[in-house]
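Asks: Mind having a look at this structure? Questions to follow.
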Amino acid sequence: MLALGVGAAIEGLQIWAGTYRFTSGTIIDSLPPPWLLVMWAQMATTFDFSLRPIVTRPVAAALFGAVGGPLAFLAGERLGAVTLHRPLAPGLLLLASSWTVAMLIFCSVERCRKNPLLRM
């Protein structure tokens, strides 16, 4: 649920800021498409497996978000799923920042979930 909420907030911010627009699958143009929110929820399941190496390494998590987020959207544009607005640099910087924060949040939550001493 956290990943879904963070994802909705980040995607809503990106749409509001004019970073991109989706070419299909949207129900309301000012909101992220449902398929993208499902991808955020699915990503949350990967922290126990493929993303395990970055959970305890905040610098690696930040770099993964800063590089991986923008690259995913560049690939999505090439596939025709999204249109990135020009000039690219400001939008990619906002994507990198958003994804960095998201990855740090998710890794912190995962560390707390795994370690009973860190739970409140």
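Asks: Select from the stretch 7-65 the residues that are farther than 17 Å from G76 by Cα, of a type in the set (F, W, Y) and free of Cβ contacts under 8 Å to residues at least 24 places away in the same chain and list them in ascending order.
Replies: W16, F49
Asks: Return the residues of the stretch 35-74 that are among the charged types (D, E, K, R) and assigned to a helix (DSSP H, G or I); say none if nothing qualifies.
Replies: Residues satisfying the conditions are D48, R52.
Asks: Exactly one of (1) crowded, with 18+ Cβ neighbours inside 10 Å; (2) more than 19 Å from R111 (Cβ to Cβ); (3) over 12 Å from the mean Cα position of the chain (by Cα) is unmet by V55. Its number?
Replies: (2)
Asks: Tally up the residues in the stretch 42-51 that are surrounded by 14 or more Cβ atoms within 10 Å (Cβ to Cβ) and not aromatic (F, W, Y), please.
Replies: Number satisfying all stated conditions: 3.
Asks: Conditions: (1) farther than 17 Å from P32 by Cβ; (2) touching a Ser or Thr at 6+ places or on another chain (Cβ under 7 Å); (3) at pLDDT 95 or above. G91 meets all but one. Number of the miss?
Replies: (1)
Asks: For the stretch 21-38, how many residues meet the condition of being surrounded by 15 or more Cβ atoms within 10 Å (Cβ to Cβ) and either hydrophobic (A, V, I, L, M, F, W, C) or at pLDDT 95 or above (or both)?
Replies: 4
The values are calculated or read from the model by the stated rules, or taken from the named source; none is laboratory data. Bear in mind the structure is a predicted one, so any value in this text is a computation, not a measurement. In this analysis, Cβ positions are derived from the backbone assuming ideal geometry, glycine residues included, and neighbour counts consider all displayed protein chains.
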